[in-house]
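Structure record follows, encoded as structure tokens.
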């Protein structure tokens, strides 16, 4: 099937098999931040923003992304305001591996695009689908709340 979508601000028209996941399509495009994790939509390591929503790309078919704007970690990592987020998350996170960080940051960005000053409850809810095996969710939530103070309005 032929689909048209925008990936990280680049318009693309691609032929995709009907059963290809968005995760596999993005990784085939060289977007390695989209991680293979559980492949059942439980861990959030494949989180991207599709049409303004944080989605698990491992359970979304590529054809469902037709006409949508897709943003991956690669699409935001160089933008102004991103460095404080990454640095704060790494400082607080005590992250051993960093595997979950791109997915968490994409979930955070999707939330901040809608709510500029979320409560801790809203943040916990937005990150509910992102699992960190190194630190659970306590330290990432603390880090993101601190990062929000540093970057409000800079995405």
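The values are calculated or read from the model by the stated rules, or taken from the named source; none is laboratory data. Given the structure is predicted, the values throughout are model-derived calculations rather than measurements. As a convention, Cβ positions derive from the backbone with ideal geometry for all residues, glycine included, and neighbour counts pool all protein chains shown.
If we scan the range 100-112, do we find a residue that is outside any helix (DSSP H, G or I) and at pLDDT 90 or above?
no
Output the residue which, of all residues in the range 72-86 that are touching a helix residue (DSSP H, G or I) at 6+ places or on another chain (Cβ under 8 Å) and closer than 27 Å to residue 133 by Cβ, is modelled with the lowest pLDDT.
So, considering only residues that are touching a helix residue (DSSP H, G or I) at 6+ places or on another chain (Cβ under 8 Å) and closer than 27 Å to residue 133 by Cβ, the one modelled with the lowest pLDDT is 82.
What are the residues in the range 30-81 that are on the phi > 0 side of the Ramachandran plot and touching a residue at least 60 places away in the same chain (Cβ under 8 Å), if any?
Selection gives 41, 44, 52, 67, 81.
Mind telling me which of the residues 54, 62, 69, 28 ends up being touching a helix residue (DSSP H, G or I) at 6+ places or on another chain (Cβ under 6 Å), at pLDDT 95 or above and farther than 15 Å from residue 105 by Cβ?
62
Just the residues that are in a loop (DSSP other than H, G, I, E, B) and surrounded by 15 or more Cβ atoms within 10 Å (Cβ to Cβ), please, taken from the range 39-48.
39, 41, 43, 44, 45, 46
Do you know which residues across the range 56-80 are part of a strand (DSSP E or B) and under 14 Å from residue 7 (Cα atoms)?
Result: 69, 70, 71.
Out of 117, 96, I need the residue that is modelled with pLDDT under 90, in a loop (DSSP other than H, G, I, E, B), out of contact with any helix residue (DSSP H, G or I) (no Cβ under 6 Å at 6 or more places or on another chain) and under 26 Å from residue 39 (Cβ atoms). Which one?
Of the residues listed, the single one that is modelled with pLDDT under 90, in a loop (DSSP other than H, G, I, E, B), out of contact with any helix residue (DSSP H, G or I) (no Cβ under 6 Å at 6 or more places or on another chain) and under 26 Å from residue 39 (Cβ atoms) is 96.
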